[in-house]
1. Sort out which residues of region 191-205 are under 14 Å from His71 (Cα atoms) and modelled with pLDDT of 90 or more, and write them in order of number.
2. Just name the residue that is most open to solvent (accessible area, probe 1.4 Å) out of those in region 161-182 that are more than 25 Å from the chain's Cα centre (by Cα) and of a type in the set (A, V, I, L, M).
3. Which pairs have Cβ atoms under 7 Å, sit 6 or more apart or on different chains, and link a residue in region 370-398 that is farther than 16 Å from Leu92 by Cβ to one that is open to solvent by less than 30 Å² (accessible area, probe 1.4 Å) and of a type in the set (Val, Ile, Thr)?
4. Within region 213-244, which residues are β-branched (Val, Ile, Thr), out of contact with any Asp or Glu (no Cβ under 9 Å at 6 or more places or on another chain) and open to solvent by 50 Å² or more (accessible area, probe 1.4 Å)?
5. Only residues in region 287-302 that are under 25 Å from Glu346 (Cβ atoms) count as the first member; pair them with residues that are among the hydroxyl-bearing types (Ser, Thr, Tyr) and modelled with pLDDT under 95, Cβ under 8 angstrom, at least 6 apart or cross-chain, and list the lot.
6. Tally up the residues in region 331-342 that are under 15 Å from Arg270 (Cβ atoms) and open to solvent by 10 Å² or more (accessible area, probe 1.4 Å), please.
7. Out of region 59-95, which residues are of a type in the set (Asp, Glu) and either closer than 19 Å to Arg120 by Cα or part of a helix (DSSP H, G or I) (or both)?
8. Would you confirm whether any residue within region 283-294 is among the aliphatic types (A, V, I, L, M), within 24 Å of the chain's Cα centre (by Cα) and open to solvent by less than 60 Å² (accessible area, probe 1.4 Å)?
Amino acid sequence: MTNNNHEAAHNPSESASSASGPGSSAFSASGPGSSASPSSTGSSGGVDASRITLRSPAELADALPYMLGFHPSDSLVMVAVHGEAGRFGGRLRVGIPAAPDEWEDTARQVADCLIRGSVRRGSRPDGIIVFLCQDPHRSESPQRVMTRLRPLAQRIRLACGALDVPVLEALCLSAGRYWSYCCPDERCCPAEGSALAAPGTSVMAAAATFAGLQVRGSLREIERRLTPLGGAVADEMEAALDRAAVALVPKILDGATREEVGAETVLLARALIQRMTLAPPAEGGAGADARDDGLLGHDEAASLILGLQDREIRDIAAEWMEGEEAAPALRLWRALARRCVGAYGEHAAAPLTLAGWVSWSTGDEPTARIALGLALRADDGYRFAQLLHHACNEGIDPEGLRECLREERRRREPRRGRLPAGSRRAAAVTRPPGRPGRTSGSRRESGSTAGSEQ
């Protein structure tokens, strides 16, 4: 499977029942936040009150964003179904491969991954629900999308059947409409498709509102906030990264200055987090990101990006994961990921992993999986991202890692704390770019050891 890293989630409390016939399947979900929650941990907005029954393909399609925590785009999503009561279990999402000749291998791999994962957690699925989500390309119609993806749906059904787990329902979602690949009854599943329910009008939407469960926009929107900048800004940023790399190499090679470089990198990171804290985020994803981008100078961003390639510095940065530090730290890591342009694309693995870790630590598992998947796309051998991605997908409580990081921070107590009062360097880097007192030279020195073990 050559597309993106898969995202899996496990929620033993989610439920659905077996299909009762063409077009009239009744899927019952255990209550607000059970069927629709992105995670069984409760940290990402789960609810556990009443019982919801999903009686049609339309209601299944409407429930999908609440199961994932976002609206999937260009995605193949599979949900395991367990027992007579129809519990929703594990979920898996991958990008839809652009090349049809990859579909057969993809179908075999995702079927095997979901079923093996369910068995590993103690319960083999009794059925699977499949969603193919893709908007039309150029002048393509939504119905054409459904027709084009039908062979992929069929390969998935065959792959699951070969493992003795039937596909109970397979839906295509495109441009606000849905089609069932399993229902031949045009009275409920017409050839032209059916319109999805208006946002906020379904039983699942009501349950999610009651539970305070948040759908975080579309997958494409979330990924855009973590994607490198383009245009002239990218050219300027790549030149700054080149300058920072040249300035750092002598210090990296000189073992006597490595610790000094690391200390300067940590100081710079703390100063930039303080700057984010003093400039509350604007409303809205794109607007907020543009404002955060304006808070960082190219040279200081370059120094910090290179410094975070050092494992020890990155681990110190991971300690800013909770409380008042978490939100500004997440904004900083997202902004740095957007600055990893051109030849420095692999360097994004560090800030993307930190963004995924802070998201997971603060209860936003859907965004965490997306960020960690992008980190592995940038560098598929990045060990910290591999471990966090696996732990998040397995439903492991992040508190164990949080406590380890807290203990490490307590151990370094003499080096911890706010920026030193009266520090000229700290005062300089906490000023937004362009303010008096800024010295780009001091920032360029604030890198750390690049290219060390991850």
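1. Leu196
2. Ala162
3. Ala375/Thr353; Tyr382/Thr353; Phe384/Thr353; Ala385/Thr353; Leu388/Thr353
4. Residue satisfying the conditions is Thr227 alone.
5. Gly297/Ser440; Asp299/Ser440; Glu300/Ser440; Glu300/Ser446
6. Qualifying residue count, region 331-342: 1.
7. Glu59, Asp62
8. Checked region 283-294: at least one residue is among the aliphatic types (A, V, I, L, M), within 24 Å of the chain's Cα centre (by Cα) and open to solvent by less than 60 Å² (accessible area, probe 1.4 Å).
The values are calculated or read from the model by the stated rules, or taken from the named source; none is laboratory data. Only a predicted model underlies this, so the values are computations on that prediction, with no experimental measurement involved. Counting neighbours? That spans all protein chains shown, and the Cβs are built from the backbone with ideal geometry, glycine included. Heads up: the accessible areas ignore ligands, DNA and RNA and are worked out on the full protein's heavy atoms, side chains in. Shrake-Rupley method; radii C 1.70, N 1.55, O 1.52, S 1.80 Å.
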